[in-house]
Amino acid sequence: MSGTPTFVNDVMAERVVGLRAGAAFKDIVKAMREWQVGALPVLDDSGVVIGVVSEADLLPKEQYSDRDIGRYGQVEHLSELRKADAVTAGALMTAPAVTVAPATTLAHAARVMARNRVGRLPVVGRDGTLKGIVSRSDLLKVFLREDKDIAEEVRRQVVPRHFGTRTSTIRVEVRDGVVTLSGRVHETALVPPAARLAREVPGVVDVRCASAGPPRHPNLDPDLPEADHPARSEAEPSVRRGGR
């Protein structure tokens, strides 16, 4: 893995196989086994992604082979029964396909996967043609980044942005992807936004803050009166207690 992976284009697999809409059921199964994948994109004649066939689309063929589910079951599982009768990729595929662009951030791609409950996404160009495939395991490659590289980026990109010229008082340590920010800061309100920005650095697992505010000025001469309690003037009359 060269450089810092930030976009789908950095981690996607470019060598992929696509199916034509007329691909036969058994050929689909063979392709999945050969490529060791659980889903394959379906392309039209111009190479545009029009759908995806997954193992879940193929399973109804076996699941409903006996058709013994009753009339009400047939209504409830109509979509699965249609797939059970399908014999080509065009009839089996889920369409339209959920896709991402090469310049999609890894974080956004992960949200798309989670929202649509899929483990692989076709990567398409502006014209809809297939450019690659990105999987969950591809998105996790970012966490293989070296701790020293993460620390350097936090020092270079995060610390100066929030703490300005006082960066010498901020320490950045990274261990197993966990960033720790420590040292004294002139304004503690700056720490939470700095932590949020550090969490966005590729490869960061978590951010912990051990920063302290500016030191309190010590009372250098305790015998002197406090500034907000001036000493009583000698000319100021005193009040005697317990007699005249």
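Values in this text are rule-based calculations from the coordinates and carry no lab data. What you see is a predicted model, and the numbers here were worked out from it, not measured in a lab. Here Cβ is always computed from backbone atoms with ideal geometry, including for glycine, and neighbour counts include all displayed protein chains.
Of interest is the spacing of the C-alpha centroids, which for segment 87-106 and segment 147-164 amounts to 38 Å. Peptides 132-141, 103-112, 48-57 ranked from most to least packed, by the mean per-residue count of other Cβ atoms within 10 Å: 48-57, 132-141, 103-112. Extension gain for residue 143 to residue 175 (0.36 nm times residue separation, less C-alpha to C-alpha distance): 10.3 nm. Among 169, 197, 210, pick out the residue whose Cα is farthest towards the positive end of the charge dipole of segment 145-212, where Lys and Arg carry +1 and Asp and Glu carry -1 on C-beta, about the Cα centre. In segment 145-212, that residue is 169. Only the Cβ atoms of Lys and Arg (+1) and of Asp and Glu (-1) were treated as charged; on that basis the dipole of segment 8-141 about its Cα centre amounts to roughly 280 debye. With Rh defined as the Kirkwood radius, the inverse of the mean 1/r over Cα pairs, the Rg/Rh of segment 145-212 is 0.92. Computed over the Cα atoms of segment 8-141, pair by distinct pair, the Kirkwood hydrodynamic radius stands at 15.5 angstrom.
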